[in-house]
1. When only residues in region 205-220 that are assigned to a loop (DSSP other than H, G, I, E, B) and open to solvent by less than 20 Å² (accessible area, probe 1.4 Å) count, which is farthest from ligand 3 (Cβ to nearest atom)?
2. Does Gln23 satisfy being closer than 12 Å to Leu222 by Cα, open to solvent by 40 Å² or more (accessible area, probe 1.4 Å) and outside any loop (DSSP other than H, G, I, E, B)?
3. Condition first: of a type in the set (Gly, Ala, Ser), open to solvent by less than 60 Å² (accessible area, probe 1.4 Å) and touching a Cys at 6+ places or on another chain (Cβ under 9 Å). Can you find one or more residues in region 221-243 that meet it?
4. Here are some residues: Trp72, Trp60. Which one is open to solvent by 30 Å² or more (accessible area, probe 1.4 Å), away from ligand 2 (no atom under 16 Å from the Cβ), in contact (Cβ under 8 Å) with a residue 12 or more places away in the chain and within 23 Å of Ala104 (Cα to Cα)?
5. Within region 100-117, track down each residue that is assigned to a strand (DSSP E or B) and in contact (Cβ under 8 Å) with a residue 40 or more places away in the chain.
6. Can you tell me which of (1) closer than 23 Å to Ile100 by Cβ; (2) surrounded by fewer than 17 Cβ atoms within 10 Å (Cβ to Cβ) is the one Thr51 doesn't meet?
7. Can you pull out the residues in region 146-198 that are within 16 Å of ligand 1 (Cβ to nearest atom), hydrophobic (A, V, I, L, M, F, W, C) and over 14 Å from Leu214 (Cα atoms)?
8. Of the conditions (1) within 16 Å of ligand 3 (Cβ to nearest atom); (2) farther than 23 Å from Glu114 by Cα, Asp6 satisfies every one except a single condition; which number is it?
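The values are calculated or read from the model by the stated rules, or taken from the named source; none is laboratory data. None of the values given here were measured: they were computed from a predicted structure. Cβ coordinates were reconstructed from backbone atoms using ideal geometry, including for glycine residues, and neighbour counts include every protein chain displayed. Heads up: the accessible areas ignore ligands, DNA and RNA and are worked out on the full protein's heavy atoms, side chains in. Shrake-Rupley method; radii C 1.70, N 1.55, O 1.52, S 1.80 Å.
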Amino acid sequence: QALERDEFELFYQAQVGSAGRPQVMEALLRWRSPTRGLVSPAVFIPVLEDTGMILEASRWVFRQACRQALAWSAQGFDWRIAVNLSPLDFRQPDLADTLIGILAEEGTPAALLELELTESALLEADDLVQDTLRRLKDTGLPLFLDDFGTGYASLTYLQQFRFDGIKIDRQFVAELPENPRSVALVRGILTMAAQLGLEVVAEGVENERQAAFLRLNGCQRLQGFYFARPQPAADCTQQTQRA
Ligand code: C2E
Ligand code: MG
Ligand code: MG
């Protein structure tokens with residue numbers, strides 16, 4: 001019903017580069033319920049997945065992201081938009097065709113977008129998934145592995161697929177730099193990523209100390225409440241981002 005009644009909205013959260021300026025905006029889905037107010041995706045995404053309606057939601061999100069990317073580009077903001085996809089999306093044989101079709105319909109260059117997928121999308125990684133990822137990549141859509149390190153067999157996937165980058169899960173960032181285990185893990189992930197030529201985004205950066213540690217250790221892209229909260233598109237262009 002939320003889809004029919006047009007109650008979904010996209011919020012955007014910045015990923016900043018080394019100069020502190022936004023490079024990528026991650027599209028994060030929100031449900032503005034007439035009775036419950038603004039509902040978190042943690043609550044309703046599982047429902048969309050159980051009912052299979054996530055497929056329709058993903059197409060809606062991707063299309064909105066295409067339009068927003070063009071709008072920002074026309075306003076002089078060279079921000080890419082990152083779109084999250086569900087594991088269920090990757091079980092559809094026509095995922096690549098669908099996304100390529102939407103890009104064409106909206107007239108959006110693939111370079112204005114990127115895709116985030118979690119390791120669970122790759123659990124049943126067969127030829128179909130391989131083929132889908134290859135086609136998306138050939139289209140020019142950068143692929144990022146989200147929540148890196150919390151799934152099942154990340155290194156296998158890095159061996160098998162040509163990802164453009166990884167997003168370090170915020171559970172590793174949370175205790176930087178006090179926790180020596182977090183320090184060791186994050187340094188290890190950054191070294192490995194550098195060797196593989198992968199871009200790294202750290203998510204969940206909430207304070208100056210975490211940001212300083214990550215930058216000192218070579219993490220290029222940072223995302224978290226310290227820099228910007230997820231917010232409506234109009235607010236992104238107004239807010240001056242912190243360096
Ligand atoms: P995610 O893709 O890992 O997104 C990051 C989540 O961390 C977002 O929660 C964001 O608000 C939150 N976050 C960002 N910075 C900080 C921080 O500094 N501290 C803390 N504590 N949290 C931070 P959100 O928006 O509630 O989204 C939760 C998850 O829902 C996302 O995790 C993603 O897996 C899923 N999701 C959101 N939008 C979509 C969508 O359009 N499609 C699909 N398939 N999944 C989506
Ligand atoms: Mg994400
Ligand atoms: Mg994540």
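1. Within region 205-220, the subset assigned to a loop (DSSP other than H, G, I, E, B) is 205-207, 217-220.
Cutting the leftovers down to open to solvent by less than 20 Å² (accessible area, probe 1.4 Å) gives us 205, 219.
On the way: Val205: 12, Cys219: 15 Å.
Among those that are assigned to a loop (DSSP other than H, G, I, E, B) and open to solvent by less than 20 Å² (accessible area, probe 1.4 Å), it is Cys219.
2. In short, yes.
3. yes
4. Details: Trp72 fails: open to solvent by 30 Å² or more (accessible area, probe 1.4 Å).
The match here is Trp60.
5. Our first condition is that a residue be assigned to a strand (DSSP E or B); within region 100-117, this holds for 113-117.
Leu113, Glu114, Glu116, listed by residue number.
6. That leaves (1) as the condition not met.
7. Phe148, Phe163, Ile166 - these are the residues of region 146-198 that are within 16 Å of ligand 1 (Cβ to nearest atom), hydrophobic (A, V, I, L, M, F, W, C) and over 14 Å from Leu214 (Cα atoms).
8. (1)
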